Amino acid sequence: MIASFLARSTRSTTRVASTLSSPTSLLRFKSTGCYTKAKRIGFVGLGNMGLPMATNLFNGFKNEADFIIYDINQTTTSNFVKDHSAGNKDKVKVAKTPLEVAQEASVIVTMLPASPHVESVYFGKDGLLEALGPDHLVMDASTIDQSMATRVAKVLHGKGAKAIDAPVSGGTGGAQAGTLTFMVGSNTVADFELAKRYLDKMGKNIVHCGTNGNGQVAKICNNMLLGISMIATSETMNLGVRMGMDPKLLAGILNTSSGRCWSSEVYNPCPGVQENSAATRGYTGGFGMPLMAKDMRLAVNAAVETKSTVLLGALAQQLYNQMAANKDFEQLDFSAAYKWLSENAK
């Protein structure tokens, strides 16, 4: 009898261990209650970054779940439905409000321009918060200030939902290719593992940065460095060209020397150096000037709060503020710092 009991116990333990190690088990178990596989995934914010991210997420789960999307640009949402509903008109639904997204989807990703947009989508009239509960996993990929990220997490936790801040790096090219880096803040490692299953469809490097808000810390620091290095690269390329150097040759030397950086090698701001860069497209698309100005302000504000010295960051912020406020530059990619410097040095 004892041998029989032990055999049954061993088989039961094996079945449980097998279940818990399966890829979808993370969606089924938590400390209280039970998750099921998402029947519908929601995405809010289909801008330059959000649209390709939503496309990759849809393609990754199109055989498992339906989609519901929301954006204020109705042309964008209509095109998304047209492009992703072939053979099944009910595969993608367009929500009239963020609230409707929360009512129909148990997994939600938001990708919004700034803190005021996040506040409106989550806490405003017909916002997500009105329908969120214990069955929801919510991932915000926006770049916002840390205090807003922690506020969102605290309120969502109070509703029983799982909150993830997951800002990204990699630009529109990374969003399209699905190679973004996600800097993730979460309440627990288990929450991070839940989110990773979805983030993996949109990125290549999914990094757990610690508790909620830490994802924003990593992103703000990264973008401050990016903003500074883009201005430095623009100044360098502008100087070399004015001194008679061929820009492609100069870039090649920089990128095999100690001055090499992402802004010089991958996203060179001088037109013609790289075939597919924003600079060669007339600085269209890419990461908008107002967004970089916003991110630099976030970094400088954080430096004030923490009594940190950011001399170059503060100077770079002023330049991006000027460009973002200029009607000839406000719609351009942030690498148009090269254009600004070359034109204003005449």
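The values are calculated or read from the model by the stated rules, or taken from the named source; none is laboratory data. The model shown is predicted, which means the values in this text are computed figures rather than measured ones. Using ideal geometry, Cβ is built from the backbone for each residue, glycine included, and neighbour counts are taken over all protein chains shown. Side chains are part of the model used for accessible areas, which takes the heavy atoms of the whole protein and leaves out ligands, DNA and RNA. Shrake-Rupley method; radii C 1.70, N 1.55, O 1.52, S 1.80 Å.
Quick notes on this one:
- Within straight-line cross-link reach of residue 307, aspartates and glutamates at Cα separation under 20 Å, skipping those fewer than 8 residues along the same chain: 145, 295
- Comparing 111, 139, 148 in a Gaussian network model of the chain where C-alpha atoms under 10 Å apart are linked, the largest mean-square fluctuation is found at 148.
- DSSP bridge orientation in the chain - percent antiparallel, rounded to nearest 5: 20
- In Hz, Karplus ³J(HN,Hα) per residue of the stretch 259-274 (6.51, -1.76, 1.60; θ = phi - 60°; x = Gly, Pro): x, 4, 7, 4, 5, 8, 8, 9, 9, 4, x, 8, x, x, 6, 10
- Taking the stretch 83-147 and dividing mean pair separation by its residue count, relative contact order in percent (alpha carbons under 8 Å, at least six apart): 38
- All aspartates and glutamates inside 19 Å of residue 62 as judged from Cα atoms, apart from same-chain residues fewer than 8 positions distant: 83, 90, 104, 200
- Most to least accessible of 221, 261 (protein chains only, probe 1.4 Å): 221, 261
- Relative contact order of the chain, pairs being alpha-carbon contacts under 8 Å that are 6 or more residues apart, as %: 12
- Just the protein heavy atoms count here, and of the accessible area of the stretch 224-282 at 1.4 Å, carbon and sulfur take up 60 percent.
- Global form of the stretch 39-210, assessed from the alpha-carbon gyration tensor, a/c cut-off 1.5: rounded
- Contact order normalised by residue count of the stretch 39-210, Cα under 8 Å, 6+ apart, percent: 20
- Cα gyration tensor shape of the chain, rounded if a/c is under 1.5, else prolate or oblate by comparing a/b with b/c: prolate
- Selection from 152, 129, 48, by position along the positive dipole direction of the stretch 39-210 (Cβ): 48
- Sorting 151-157, 182-188 by their mean Cβ neighbour count within 10 Å, with the most densely packed peptide first, gives 182-188, 151-157.
- Simple spin-label estimate for residue 318 and residue 187 in nanometres, 7 Å along Cα-Cβ: 4.4
- Amide H contacts under 5 Å for residue 40, placed H, 5+ residues apart: 66, 106, 107
- Global geometry of the stretch 112-194, whether rounded, prolate or oblate, following the gyration tensor of its Cα atoms and the 1.5 cut on a/c: oblate
- Proximal aspartates and glutamates relative to residue 196, as straight alpha-carbon distance under 20 Å, when same-chain residues fewer than 8 apart are discounted: 64, 66, 135, 140, 165
- Distance violations [Cα-Cα > 20 Å] among 96/125; 219/339; 39/89: 219/339
- Using a probe of 1.4 angstrom and keeping all protein chains present, the accessible surface of the stretch 157-309 works out to 44 square angstrom per residue.
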